[in-house]
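The values are calculated or read from the model by the stated rules, or taken from the named source; none is laboratory data. Owing to the predicted nature of the structure, the values given are computational and were not obtained by experimental measurement. Cβ coordinates were reconstructed from backbone atoms using ideal geometry, including for glycine residues, and neighbour counts include every protein chain displayed. Please note that ligands, DNA and RNA were not included when accessible areas were found on the heavy atoms of the full protein model with its side chains. Shrake-Rupley method; radii C 1.70, N 1.55, O 1.52, S 1.80 Å.
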Amino acid sequence: MNLYVTNKEKTMNKVIKHILFAFLLLISQLGFSQSGCWFSDLAKELNSGTDEFKTIIRNDPDGSFAYQQLHLAGKSSLRKNPLALQAYTKTIGNIKLKELGFTDELLAKVNGYSDASFAQLMQDLDKLGNHLATNNIKIDNFSSVIDILKGGNANYRQGVHWIVEDLGKELAFKGKNLQLELRVGNSRETFSFIDLACKNCSSKGTDIMIEYKSGPGSITKETIQKQFIERDLFNANSLDEIQWRMKNTNLTKDQLVNWLTEHKSSIESIGKEKISKLLNDKDLIEMTDSQVANKLISYLGIESNYIKIFK
C-alpha cells in the first residue's frame, strides 16, 4: 500500500475542494441552505469580513475547512480570525499530534486564555509535534493534555500550555519515554498525580518526577506541603529524581525555606530514614526527627541545591 500522496494527487485534491466549496457557496447564496449551516454563515461573513479573511477563504480550500471546523466547535469569532484559521490549518497537518490523539475536531475545540490566544496554542502544539517526532520522544497519556486544553478552566490551560511549550523544546528528553499524569502514593496515605515522569532519566537510571508551575500564585505554602513534601519527598529515592519546572511563578529560595519551616512537621512525618536516603547521609539516622528535618531545610536553603530542583 502506498502511504505517500504525490504532488499530482495533492493538486487534484485541492481542485476538488475548490469545486465543492464553490458549489456549497452557490447553494447558500441561492437560498437553498438552512439557516445556521456553516456555509450559509460563511456566505454572510464573506460580505462583512476583512480582506485577509476573504483571501484565505476564497484562495485556499483548507481555509474553508478550518472555518467549517471552528464553526462546528462554536468558535463564532475565531472562525473569522485570519491568524486562527492559518494556525489551525497548519497544525491539523501535524502527523505526530494525530498519533497523540488530536483529531481535527478536537484541535478546533482548544481554548486560549488571557496570556495565549488560540493561534498561539496551535503554533505551540505544532512545534511540540515536530519536536517529538524529530527527537524520538514518546509520551503516554497525552489525552490528559487534550482534555484540559479544550476544558473550561483557564488556570489549568495555562499550566498545560507551559508543559506543551517545555516539551516542545527540551532536548534532555531526546529518545526518552515520558508519562503524563502519573498516579503515585503520598504520606497522607492517599493518591496524588505527578505532571510528568521521565522514565529512567536520572543519573542512577531511575525515573524523574517533574512538576510544572506557571504564573504568579501557582505555588503556595499548601502546594509545597502537599506536592513537594508529602508527594515528591515521600516517593523519591534521591533528590535528583525531583524537578519543578517553573515559569513566572515568583518562587524564591527564601520563600521555599520559610514554607518548609512552617511545614516542618510534615517533613518529620516522612521519617528520618527517608531523609537520610535523600541526602545520602547515613549519620542522620542517629539524630531526632526534628534535627533531620532541619538538615533538609538547610540543604535546600543553599542556592546551588535549590536550583537543581526548582528550575
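Accessible surface for the stretch 152-286, divided over its residues, is 48 Å² per residue with a 1.4 Å probe.
For the stretch 123-163 versus the stretch 72-94, the inter-centroid distance based on Cα atoms is 17 Å. With the convex hull drawn over the C-alpha atoms of the stretch 172-248, the volume per residue is 91 Å³.
Dipole magnitude for the stretch 38-194: about 100 debye, using +1 per Lys or Arg Cβ and -1 per Asp or Glu Cβ, origin at the Cα centre. Once both labels are positioned 7 Å from their Cα atoms along Cα-to-Cβ, the gap between Tyr299 and Ser238 label points is 1.2 nm. Report Asp207's accessible area, 1.4 Å probe, all protein chains in place, as a number in Å² to the nearest 10. Surface open to solvent at Asp207 totals about 50 Å². For the chain, the fraction of C-alpha pairs more than 38 angstrom apart is 31%. Computed over the Cα atoms of the stretch 243-290, the ratio of the radius of gyration to the Kirkwood radius (Rg/Rh) comes to 1.07. Only protein heavy atoms count here; on that basis, with a 1.4 Å probe, Phe234 has an accessible area of about 80 Å². Of the three principal axes defined by the Cα atoms of the stretch 44-187, the extents in descending order read 61, 32, 22 Å. Ranked from largest to smallest solvent-accessible area, with a 1.4 Å probe on the protein heavy atoms, Arg183, Arg245 come out as Arg183, Arg245. For the stretch 194-251, relative contact order (Cα pairs under 8 Å, six or more residues apart, normalised by length) works out to 41 percent.
Here the accessible area is traced with a 1.4 Å probe on the protein chains. For the chain, carbon and sulfur cover 51 percent of it.
Candidates Ala119, Leu180, Gly301 compared by Cα position along the dipole of the chain: farthest toward the positive end lies Ala119, with charges placed on Cβ. Hydrodynamic radius of the stretch 188-311 by the Kirkwood approach over all distinct alpha-carbon pairs: 14.7 Å.
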